[in-house]
Structure formats: C-alpha cells, structure tokens
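The values are calculated or read from the model by the stated rules, or taken from the named source; none is laboratory data. The model shown is predicted, which means the values in this text are computed figures rather than measured ones. Positions of Cβ are backbone-derived with ideal geometry, glycine not excepted, and every protein chain shown enters the neighbour counts. For accessibility, only protein heavy atoms count, side chains too; no ligands or nucleic acids. Shrake-Rupley method; radii C 1.70, N 1.55, O 1.52, S 1.80 Å.
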Amino acid sequence: MSLTLLMSSSTLSYSREMAQAVANVARRINATVEDGKDSLDLSDCKLISFPDGVFKALRSVSENICVITLADNEMKAISSKFFSTFTQLRELDLQGNVLTKLPDTVGEMQHLTRINLANNKFSVFPEKLTEIATLEWINLEGNSIAEVPLEKLSAMPALKWLNVKSNPLNSNTQSALQSPHKFDILSTTES
C-alpha cells in the first residue's frame with residue numbers, strides 16, 4: 001500500500017512561489033558573477049536573511065561588489081559575515097525589511113558612503129554607523145527611533161545627509177535637530 005500525500009492548492013502555490021523566488025535569486029547572482037558586475041540587486045526576493053549559499057557563489061567576486069540592494073524583502077537580521085565578506089561595499093540598500101539592529105561589524109566598513117535603512121523596525125539609532133568615517137548619507141525614515149546621537153553624528157567627518165522623517169522623535173531630539181548642523185537633516189517636526 002502506498003502512502004499518498006495530498007497538498008492543498010495554497011501549499012502548492014506557496015511552494016511554487018518559493019521555488020520562483022529561489023530561481024530569481026540564483027539568476028541574479030549568476031548574472032553578477034558572469035558579467036563581473038560591481039553591484040548585486042536582490043531586492044524584492046522574499047528573503048528572510050542573506051542566504052549562506054550566496055557567500056559561496058560570490059566568493060570569487062565579493063571584493064569587486066560595491067553596491068548591494070536588499071530592499072523590500074522580509075529580512076529580520078543581517079549577519080556579521082555579510083559585512084566581513086563585502087569589505088569594498090560603498091552603498092547598501094536595506095529599506096523595506098524588518099530589521100531591528102545591525103551587527104557591530106558594520107562599524108568596520110571602510111568604504112561605505114550610503115546606507116538606506118528606511119521603513120524597517122529600528123527603535124534605537126544604530127550607533128555603530130557613527131564609527132564609519134566614510135559614511136555620507138544615512139536614511140532611517142519610517143522607523144520607530146526616539147533619540148538620535150547628534151553629538152556622535154556631528155563628529156562624523158564625511159556625513160552630509162541624515163533622514164529621520166516619520167520617526168517618533170522625543171522632544172529633546174526634535175529641539176536639537178532644529179539647531180544648525182554641518183550636515184542636512186530631514187525630520188518631521190511640528191512648528
């Protein structure tokens with residue numbers, strides 16, 4: 001007697017959807033490797049984390065990759081291995097995920113100039129970003145951040161632009177944002 005497993009149409013649909021997502025990621029990675037691109041776009045791939053297999057697949061070109069887009073996924077965390085692998089990264093787009101923090105190794109990035117963390121779940125400003133001397137542009141719009149470390153941000157040599165719009169900034173932070181700074185600040189404040 002054989003055992004037959006019946007899958008509901010929704011389970012089959014989900015499986016098909018996941019298979020398509022995996023194939024999509026594989027296609028994009030292969031294109032990056034084969035074409036020797038300096039960027040990797042894995043946006044809108046239904047990723048919940050950065051797949052370990054990607055590190056292996058990109059081993060030969062990871063030093064060349066300067067721009068990574070992981071926007072509009074479902075990522076809850078990003079590993080230290082990500083930052084220690086892509087050491088030449090200049091731009092990182094993580095908007096539209098569910099990140100709540102970054103690993104400490106982000107502070108060791110020596111070439112990062114732009115980071116987009118908009119529309120995530122940060123409730124605390126990721127202060128390790130203030131240790132990146134090359135960072136010029138930080139977007140944290142649409143998170144749940146109440147306080148911004150303006151003193152540390154002011155000490156950043158390259159910072160030109162900070163977006164903290166649509167965050168529940170406390171009154172002290174809102175007041176401090178009104179003072180002149182050496183970088184542009186976008187924030188939602190009541191006048």
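Nearest 10 degrees, 0 to 90: what angle lies between the long axis of helix 9-35 and the longest principal axis of the chain (Cα atoms)? For helix 9-35, the angle is close to 70 degrees. Note on Val164: accessible area is roughly 0 Å² with a 1.4 Å probe, heavy atoms of protein only. Excluding ligands, DNA and RNA, the accessible surface per residue across the stretch 111-187 is 47 Å² with a 1.4 Å probe.
For the chain, the carbon plus sulfur part of the accessible surface works out to 49%, probe radius 1.4 Å.
Placing dummy labels 7 Å off each Cα toward the beta-carbon, the span from Ala19 to Lys160 is 4.8 nm. Please build a GNM for the chain, connecting alpha carbons under 10 Å apart, and tell me which residue among Lys56, Lys165, Lys76 fluctuates the most. Among Lys56, Lys165, Lys76, the largest mean-square fluctuation in the Gaussian network model of the chain belongs to Lys56.
The calculated 222 nm mean residue ellipticity attributable to helices in the chain amounts to -8000 deg cm²/dmol, summing -39500 (n - 2.57) over DSSP H runs of n ≥ 4 and dividing by all residues. Bridges between two residues of the chain, per DSSP, are antiparallel at a rate of about 0%.
Between Asp44 and Glu91, the contour length at 0.36 nm per residue exceeds the Cα-Cα span by 15.2 nm.
Using a cut-off of 12 Å between alpha-carbon atoms, which aspartates and glutamates can reach Lys182, once sequence neighbours fewer than 8 places away in the same chain are excluded? By straight Cα distance, Lys182 reaches Glu136, Glu151. Straight distance only, please: which lysines reach the Cα of Lys76 with their own Cα at less than 19 Å, same-chain residues fewer than 8 apart left out? Result set, ordered by chain and number: Lys46, Lys101, Lys121, Lys128.
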